[in-house]
Amino acid sequence: MMRKAAVLAIVALLLLAAWTAAGPWLAIDGIRRAVADNNAAALERHVDFPALRANLKARADDALARRAGPGFASTALGGLVLRGASGLASGAIDTMATPAGVAAL
C-alpha cells in the first residue's frame with residue numbers, strides 16, 4: 001500500500017513538473033492563436049502590456065542615449081534633442097504596444 005502511494009506521488013510530481021515546463025510553450029501558442037484570430041481579449045490574458053510598454057520605453061531610451069554618445073547628452077541642445085526623441089519613441093511605443101497595435105502589426 002505504501003509503495004502505491006509513493007509511486008502515485010512521484011507520478012503526480014512528474015506531471016506537475018511537465019505542466020510547469022510546458023508553460024512558456026503554452027503561452028507562446030496562446031499568443032500566436034490570439035494574434036491569428038485577432039482576439040484582443042485573449043492576447044491581454046497572455047501579455048502584460050503595461051510591463052511590456054515600460055520595458056520597451058527603457059530599452060528605447062537606453063538605445064537613444066548609447067547612439068548619441070556620452071558627450072551629446074551633456075550639452076543643452078543634446079539633452080533637449082534626446083528628450084524630444086525619447087518622447088516620440090514613448091508615444092510610438094504607447095500606440096503600438098497594445099492589443100490593437102499588435103494586431104495591426
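The values are calculated or read from the model by the stated rules, or taken from the named source; none is laboratory data. What you see is a predicted model; the values in this text were computed from it and never measured. Don't worry about glycine lacking a Cβ; one is built from the backbone with ideal geometry, like all the others, and counts go over all protein chains shown. Areas reflect the complete protein model, heavy atoms only, side chains present, ligands, DNA and RNA absent. Shrake-Rupley method; radii C 1.70, N 1.55, O 1.52, S 1.80 Å.
Quick check: anything in region 30-38 part of a helix (DSSP H, G or I) and in contact with a Lys or Arg (Cβ under 9 Å, 6 or more places away or on another chain)?
There is at least one residue in region 30-38 that is part of a helix (DSSP H, G or I) and in contact with a Lys or Arg (Cβ under 9 Å, 6 or more places away or on another chain).
Do we have any residue at all in region 41-54 that's acidic (Asp, Glu), out of contact with any Asp or Glu (no Cβ under 7 Å at 6 or more places or on another chain), outside any loop (DSSP other than H, G, I, E, B) and in contact (Cβ under 8 Å) with a residue 12 or more places away in the chain?
Yes, region 41-54 has at least one match.
Of everything in region 1-51 that's β-branched (Val, Ile, Thr) and under 23 Å from Thr98 (Cβ atoms), which residue is farthest from the chain's Cα centre (by Cα)?
Top of the filtered list is Val35.
Asp94 - would you say it is under 24 Å from the mean Cα position of the chain (by Cα), surrounded by 13 or more Cβ atoms within 10 Å (Cβ to Cβ) and among the acidic types (Asp, Glu)?
When the stated conditions are applied, Asp94 passes them.
Anything in region 1-29 that is open to solvent by less than 70 Å² (accessible area, probe 1.4 Å) and either among the charged types (D, E, K, R) or assigned by the TED database to the domain that holds Val47 (or both)? List them, or say none.
Matches in region 1-29: Asp29 only.
Aliphatic (A, V, I, L, M), at pLDDT 90 or above and open to solvent by less than 70 Å² (accessible area, probe 1.4 Å): which single residue out of Ala65, Ala60 fits that description?
Ala60
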